[in-house]
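Trainee: Please find one structure pasted underneath; my questions will follow.
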C-alpha cells in the first residue's frame, strides 16, 4: 500500500510542491533581510541563507530551540547588536506562531461547521477572520507589543539567561520603535508565507491523488500543526498523523493515505530538503578549513 502510494505520486504536482518549498525558504530569507535593512543593517544573502537554512536544520534535528540560539549568533557575528538580534528572532517566531494560531483557530471553527454538515461553514470561517484577525492585529500593534517589554521586565530579569538580563534595558527601549519599523515588512511577508504554505500542502495532496479544496487542506494543515505544539509527543509525531486522519477522513481520505501524507510533509521531505540545502554550507566550510 505504501509503496503503491509513493510510486503513484503525480510528478508534476510534486514538482510544484518542491518549488513552493524553495519559494517559502526564499521568502523567509527576504523577510529577515528586509527587517534588518529597516534597522540599518545590510546583511549579505549568504549569511541570511545560513540564518534560515542551517539554523532551520539544527532546529529540526535537535531538541529545544537550538536553531533560534544559532540565529542570534549569526546576526551578532554580522555586526548586529545582541539586543536587536534577539528582537528580530523573537518577532520572526512570534509572527509564525501568531499566523499559525489564527489560521488554526479559524480552521477549528471551519471544521466544526463542516463536521455538522453546515452549509454556512465558509461564512463562519469568513466571519471569524474578519471579526477576530483584524481586531487582533490592531490590538497587538497598538497596545500589546509596544508595552510588552515594560510589563515583563521584572519577570524577564529573574528568569532569562544572564546575557539577556544584561541587555534588558536596551531591549526594553528598542523593542517598541523597532517593532513599529518592521511591522509592515513582517506582516506582508508573513501573509504571503501563509498562502505559500497552504499551496505546498495543497499540491502535495494533489500529488497523492486527493480531491480536496485549497482552503480545506490549508485549514487541516494549520489545525494539525497547532496540535503538534502540545507537549505530548516527540516533534509532534503521532498527534499530527491522528489529526490528519480525522480531518482528512471527513473528506473521505483513508487513514493510510492521511498518515503517509502527514509523514511525507512533516518529516521525510522537510528533513531531506533541509539536509540537501545545508550541504553547500558544510562543503564550503570544509573547503576553507582545508
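The values are calculated or read from the model by the stated rules, or taken from the named source; none is laboratory data. Treat the numbers as computed from the prediction; the structure is a model and nothing was measured. Because the Cβ atoms are built from the backbone with ideal geometry, glycine has one as well, and the counts that use them run over all protein chains shown.
Trainee: Any residue in the range 20-42 that's touching a residue at least 40 places away in the same chain (Cβ under 8 Å): show its pairings with residues that are buried (at least 16 other Cβ atoms within 10 Å of the Cβ) and assigned to a loop (DSSP other than H, G, I, E, B) at Cβ separation under 6 Å, as long as the two are six or more apart or on different chains.
Mentor: 36/43; 41/80
Trainee: Answer with yes or no whether residue 107 is over 23 Å from residue 42 (Cβ atoms), at pLDDT 80 or above and out of contact with any strand residue (DSSP E or B) (no Cβ under 8 Å at 6 or more places or on another chain).
Mentor: So residue 107 fits the description; yes.
Trainee: Taking residue 42 and the conditions (1) closer than 19 Å to residue 189 by Cα; (2) assigned to a helix (DSSP H, G or I); (3) at pLDDT 85 or above, which numbered condition does it fall short on, given that it satisfies the others?
Mentor: Result: residue 42 fails condition (2) only.
Trainee: May I pose another question? Does residue 35 satisfy being within 20 Å of residue 171 (Cβ to Cβ), part of a helix (DSSP H, G or I) and either under 21 Å from the mean Cα position of the chain (by Cα) or at pLDDT 85 or above (or both)? Steps first, answer last, please.
Mentor: On the way: within 20 Å of residue 171 (Cβ to Cβ): yes; part of a helix (DSSP H, G or I): yes; either under 21 Å from the mean Cα position of the chain (by Cα) or at pLDDT 85 or above (or both): yes.
Judged against the criteria, residue 35 is a match.
Trainee: Could I ask something else about it? Residue 222 - would you say it is assigned to a loop (DSSP other than H, G, I, E, B) and under 17 Å from residue 108 (Cβ atoms)?
Mentor: Working: assigned to a loop (DSSP other than H, G, I, E, B): no; under 17 Å from residue 108 (Cβ atoms): yes.
Taking the combined requirement at face value, the residue does not satisfy it.
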